[in-house]
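See structure below.
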Amino acid sequence: MKITTHSAQETQEFAEKLARQLQPGMVISLIGDLGAGKTTFTQGLGRALGVQRLIKSPTYTLVKEYACNIGLLLHIDAYRLEDVGGMDLDLPSLTQGDTLTVIEWAEFIQEDMPESYLEIHFYLLDDGGREIMLQSHGKSQRYEDLVDTFVE
Ligand code: ADP
Ligand code: MG
C-alpha cells in the first residue's frame, strides 16, 4: 500500500491515522534517505499517542523513551550503528510489554530485528512530495491486517 503526501503535516496526518491501528508490542521500521520524513512521521505518531514532549531525531542518543497512552513509545535511530550493527541494542528486551517501538534506519540493524514488523518506506519525489509505502515484514497476521486496513 502506498500514499503520496505533499507536506509534513500530511505525513503526520497519515501517521495519526496509522496510530489508531497500533497495538502494544508492535515494532515499526522506518526506511528512507535523510530528510525523507521518518522523524516527521514519528512526531505525528507521538501526537496521536498522547506524547507531550517534542519528539526530536535521536541520532546522538540512539534510543529515546516517551510516555504515551499505550505505555511507552521507544524512538530508536540506528543510523550510527551502520558499521557495528545492533550489538549494543538489546531489542528483544526493549520491545517487551506495553511498548511501541519505532526504528529509523532499521536496515542497519537487520540482524537484530524481530521476525515480523511493520516496514514503512519514505521516498522523496521530484515535486517535493513524499511517497510512503507500507508493508508487513515477516508472517504476522496483525501486521498484515494493519496494512490491509489502509488498502482502498
Ligand atoms: P528524516 O528523519 O527522514 O531524516 P525528517 O522528518 O527529519 O527526515 O525531515 C523531513 C523534512 O522534510 C522536514 O523538514 C519536513 O518539514 C520536510 N517535509 C516536506 N514535505 C514533507 C512531507 N511530505 N513529508 C514529510 N516531511 C516533509
Ligand atoms: Mg530522522
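Which residues, counting only those in the range 26-43, are more than 6 Å from ligand 1 (Cβ to nearest atom) and open to solvent by 30 Å² or more (accessible area, probe 1.4 Å)?
Listed by number, the residues that qualify are ASP33, GLN43.
Give the residues of the range 44-58 that are surrounded by 15 or more Cβ atoms within 10 Å (Cβ to Cβ) and assigned to a loop (DSSP other than H, G, I, E, B), sorted by residue number.
Listed by number, the residues that qualify are LEU49, VAL51, ILE55, SER57, PRO58.
Name the residue that is farthest from ligand 2 (Cβ to nearest atom), counting only residues in the range 59-82 that are part of a loop (DSSP other than H, G, I, E, B) and without any contact (Cβ under 8 Å) to a residue 40 or more places away in the chain.
Top of the filtered list is ASN69.
Working only within the range 110-152, note down all residues that are among the β-branched types (Val, Ile, Thr) and either within 16 Å of ligand 1 (Cβ to nearest atom) or in a loop (DSSP other than H, G, I, E, B) (or both).
Of everything in the range 110-152, those that are among the β-branched types (Val, Ile, Thr) and either within 16 Å of ligand 1 (Cβ to nearest atom) or in a loop (DSSP other than H, G, I, E, B) (or both) turn out to be ILE120, ILE132, THR149, VAL151.
From the list GLY46, GLY85, pick out the single residue that is more than 12 Å from ligand 2 (Cβ to nearest atom) and modelled with pLDDT under 95.
Result of the check over GLY46, GLY85: GLY85.
Please specify each residue of the range 1-30 satisfying the condition of being over 13 Å from ILE132 (Cα atoms) and within 16 Å of ligand 2 (Cβ to nearest atom).
ILE28
Please give the number of the condition ASP33 fails out of (1) within 15 Å of ligand 2 (Cβ to nearest atom); (2) closer than 26 Å to ASP148 by Cβ; (3) not β-branched (Val, Ile, Thr).
(2)
Check the range 68-87 and report whether any residue there is farther than 23 Å from HIS137 by Cα and crowded, with 17+ Cβ neighbours inside 10 Å.
yes
The values are calculated or read from the model by the stated rules, or taken from the named source; none is laboratory data. In this text, all values refer to a predicted model and were calculated from it rather than measured experimentally. Cβ: placed from backbone, ideal geometry, glycine included. Neighbour counts: every protein chain shown. Remember, those area values only see protein heavy atoms, side chains included, never the ligands or the DNA or RNA. Shrake-Rupley method; radii C 1.70, N 1.55, O 1.52, S 1.80 Å.
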